[in-house]
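Below is one structure, written out as structure tokens; the observations come after it.
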Amino acid sequence: MSAPLLRADTPHPDTLFDAGWLALRRPADTAARVDTLNRLAHDWLRARAGRPLRLIDLGSGSGANPRYLAPRLPGPQHWQLVDHDPALLALAQGSCGLLCDSDGRPADVNTLLRSLHMLSEDDFAGSDLVSASALIDLVDEGWLVRFADACAYAGCAVLITLSVDGHWVIEDGEVADPDDAFVRTAFNAHQQRNKGAGAASAASDGVDRNAGPALGARAAPRLATLLEAQGFRVTLAYSPWLLHAADAGQRALAAALLDGWRAAAAEQCPHAAARIEAWHVRRQLALARESTRIEVGHFDLYAEPGVEI
Ligand SMILES: C[S@@+](CC[C@H](N)C(=O)[O-])C[C@H]1O[C@@H](n2cnc3c(N)ncnc32)[C@H](O)[C@@H]1O
């Protein structure tokens, strides 16, 4: 990657994630992902194999995405994992140390401590696949446009998974809670706040304030449109989390989600704090029933360049 990706500013707090949260969501992410897209990426890379394949993972966190993808894709693989969180990158380096490709060959994995803010057109030059999971709902329109431009410039394939679609539903056998929709709307509005992911300049304290609103639930369909306009063949697939309260791990994830939705909704609508708190208590009680299930919508996207005529 070229130098313009480098930024030393303080990450926006909404773009920092707890390693425990990433570990908690990993089984649900693995179950949700759409295998058809892996196979499309596999075939694209297989056709280019015979030389080392260059794979980039943006917003790698603790490395869940390369850990999932490496054994499903051909090689030889050279991964570059990019993130602005040094602690998560250290975990990624450790957890990805023994990755192998689908033919059992060891993958080569490097980490890069960088902010994604200053994405430039030639950042992916020479790469075969650019991937990310649970990332693009944080970015703004300007960043996504530059991302699509950089993918087109590189002529690489794109696999962007687990982008939220803004929908979730809690089914507990009762009539839907009247405040689910209120909390969901408040949470989605909170998610579209400016998270600093797109600004080209930072304030004097180093925290970005100039980026546009995060795309949130609109990110994946928007990326599909941008890549199609660049001549890519795009597949967009629904990849929801399906969480059952009867399963302890899934119940723990669901409980963390309820806490997160409560916190974001209360920050977005401080005047409704008591209403949101009461909703949270009711939904925690629902989660105590084994028959309760929660569906949280996501999109997976795969795209590859069209044939030039
Ligand atoms: C929700 S986590 C997903 C992590 C990982 N891809 C996974 O699926 O577990 C988002 C990741 O993006 C990183 N991130 C967010 N904004 C970033 C930015 N502007 N520059 C670099 N990394 C960023 C965070 O540090 C975090 O590791």
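General observations
- Of all residues making up region 237-254, the number that are surrounded by fewer than 18 Cβ atoms within 10 Å (Cβ to Cβ) and farther than 16 Å from Val169 by Cβ: 6
- You will find that of Asp123, Asp108, Asp140, Asp149, the residue that is within 16 Å of the ligand (Cβ to nearest atom) and more than 30 Å from Leu258 (Cβ to Cβ) is Asp123 and no other.
Results for (1) surrounded by 19 or more Cβ atoms within 10 Å (Cβ to Cβ); (2) at positive phi; (3) hydrophobic (A, V, I, L, M, F, W, C), shown as yes or no for each residue.
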| residue | (1), (2), (3) |
| --- | --- |
| Ala266 | yes, no, yes |
| His271 | no, no, no |
| Val281 | no, no, yes |
| Val296 | yes, no, yes |
| Phe299 | yes, no, yes |
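- Any hit, region 151-167, residues being in contact (Cβ under 8 Å) with a residue 12 or more places away in the chain, of a type in the set (Phe, Trp, Tyr) and within 28 Å of Asn188 (Cα to Cα): no
- Residue in region 100-116 that is without any contact (Cβ under 8 Å) to a residue 12 or more places away in the chain and either more than 18 Å from Leu138 (Cβ to Cβ) or buried (at least 19 other Cβ atoms within 10 Å of the Cβ) (or both) present: yes
- Boolean, Val296 is of a type in the set (Val, Ile, Thr), out of contact with any Gly (no Cβ under 9 Å at 6 or more places or on another chain), within 18 Å of Asp177 (Cα to Cα) and at pLDDT 95 or above: yes
- Matching residues in region 122-142 - criterion: being surrounded by fewer than 23 Cβ atoms within 10 Å (Cβ to Cβ) and within 15 Å of Pro305 (Cβ to Cβ): Ala125, Gly126, Ser127
The values are calculated or read from the model by the stated rules, or taken from the named source; none is laboratory data. The shown structure was predicted, so the numbers you read here are calculated from the model rather than taken from an experiment. Please note: Cβ atoms are built from the backbone with ideal geometry, for glycine as well, and neighbour counts cover all protein chains shown.
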